[in-house]
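Written out below as structure tokens is the structure these notes cover.
The values are calculated or read from the model by the stated rules, or taken from the named source; none is laboratory data. Keep in mind it's a predicted model, so treat the numbers as computed, not measured. Backbone-built Cβ (ideal geometry, glycine too); neighbour counts: all protein chains shown. Note: accessible area is taken over every heavy atom of the protein model, side chains too, but ligands, DNA and RNA are not part of it. Shrake-Rupley method; radii C 1.70, N 1.55, O 1.52, S 1.80 Å.
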Amino acid sequence: MSRLHDPEHRDFASDNYAGVHPEVLAALAEANGGHQGAYGADAYTARLQEVVADHFGAGATAYPVFNGTGANVLALQALLPRWGAVVCAEQAHIQTDENGAPERVGGLKLLTVPTPDGKLTPELVERQAWGFGDEHRAQPGVVSITQSTELGTLYTPQEIRALADQAHALGLRLHVDGARIANAAAALDLPLRAFTTDVGVDVVSLGGTKNGLLFGEAVVVLDDDAVVGLPYLRKADMQLASKMRFVSAQLVALLEQDLWLRSARHANAMAARLRAGLETAGDRVRFSQPTQANGVFAALPPGVADALRRTWRFYDWRPANGEVRLMCAFDTTEADVDAFVAETLRLLDTTA
């Protein structure tokens, strides 16, 4: 089949727009050929357990799944009884971008809290962590945070520890949606366990697709006592891959050496470069959040975003004030960023 797109063109809509990292493609080719056991009884899934333990600690167990929504639904289901509820930020991905899957498929209740920066605090959790023993209210059982958040902000290990301590004192568990956990680790300059296992997190949805995989994530259980029935739920949720070696091989390629970190550091650096370039426009471009990972949230004057869309795709965030979200990926180049900044500045001068 002939190629249907320009392989040199890159957008700023999402790190999901990026292709597959060449090292991951090579790992898939290496995993191909011959027969391996199905449903996780293969050498690559076994190796993944060792790699995950290296990153998260000896007690960590990885359950590969197809996608991020599946990872989140599966993790939350395994953490909660049938009557359980999840406290999360109003901007959390499980609330805004999963089409109700946690509630429709998971059969659980989301208890949301508005936040200015996408981050929960113990004080904010208190707004929904109540009603224990009240049969008329879904029972809070999990606090779920996103690292990095949907607004590109980061939790420090100390902030996560405070949430874990609060949750555990109330009999709740702490879940981390880590779709962009590699970007968080790169920005914090910390190993993965430093802001998960070591600070009391119970379960992590470990992202891979946004960091260069073809497909695949994993539910990483850090405390076995926190979950019930996860292997059975994975099958019931249609997240059990028969040819699991091809999910696991990608995750091993990402995590075994430093590919995960190299890719995330690069994406973060490109976002910082993009932010710095747009800041040269002065007050003609406004920013609602700090750029701490690989996303830039910028408000552009009327007409500028529409003109930029003739060349690049990106998402409207808050159309009422012209705010857009610009995401960088492992394959974003300095030339991509500089061209976008140059065109933005030209359009700002034209419309001034």
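How much of the accessible area of the range 5-49, in percent, comes from carbon and sulfur atoms when a 1.4 Å probe is used? Percent of accessible area from carbon and sulfur atoms in the range 5-49: 53. What FRET efficiency comes out for residue 335 versus residue 283 if R0 is 45 angstrom and r is the Cβ-Cβ distance? Round to the nearest 0.05. Plugging the Cβ-Cβ distance into 1/(1 + (r/R0)^6) gives 0.95. Ranked from largest to smallest solvent-accessible area, with a 1.4 Å probe on the protein heavy atoms, 14, 242 come out as 242, 14. Put simply, the Cα atoms of the range 135-217 extend 45, 27, 22 Å along their principal axes, the longest span coming first.
Look at where the Cα atoms of the range 47-84 and of the range 277-352 average out, and the two centres are 35 Å apart. Note on residue 99 and residue 136: the extension gain reaches 10.8 nm, defined as 0.36 nm multiplied by sequence separation minus the Cα-Cα distance.
Placing dummy labels 7 Å off each Cα toward the beta-carbon, the span from residue 83 to residue 350 is 6.2 nm. Rolling a 1.4 Å probe over the protein heavy atoms gives the chain an accessible area of 44 Å² per residue. When the accessible area of the range 238-352 is split by element with a 1.4 Å probe, what percent falls to carbon and sulfur? Roughly 52 percent of what the probe reaches on the range 238-352 is carbon or sulfur. Multiplying the residue separation of residue 165 and residue 242 by 0.36 nm and subtracting their alpha-carbon distance yields 23.9 nm.
I need to check one value: relative contact order of the range 182-269, counting alpha carbon pairs closer than 8 Å and at least 6 residues apart, in percent. Relative contact order comes out at 36 percent. Using a ≥ b ≥ c from the Cα gyration tensor of the range 174-263 (square roots of the eigenvalues), is it rounded, prolate or oblate, where a/c under 1.5 gives rounded and otherwise the larger of a/b and b/c decides, a/b for prolate? Oblate is the answer for the range 174-263, as a/c is 1.5 or above yet b/c matches or exceeds a/b.
Surface composition of the range 87-174: carbon and sulfur make up 48 percent of the accessible area, probe 1.4 Å. Ranking 130, 83, 260 from most to least accessible surface, computed with a 1.4 Å probe over the protein chains only, gives 83, 130, 260. Mean residue ellipticity, 222 nm, helices only, the chain: the sum of -39500 (n - 2.57) across DSSP H runs of n ≥ 4, divided by residue count and rounded to 500, is -11000 deg cm²/dmol.
Straight-line cross-link partners of residue 243 among the lysines, defined as a Cα under 18 Å from its Cα and at least 8 positions apart when in the same chain: 235.
Model label points for residue 315 and residue 6, set 7 angstrom from Cα along the Cα-to-Cβ axis, are 2.4 nm apart.
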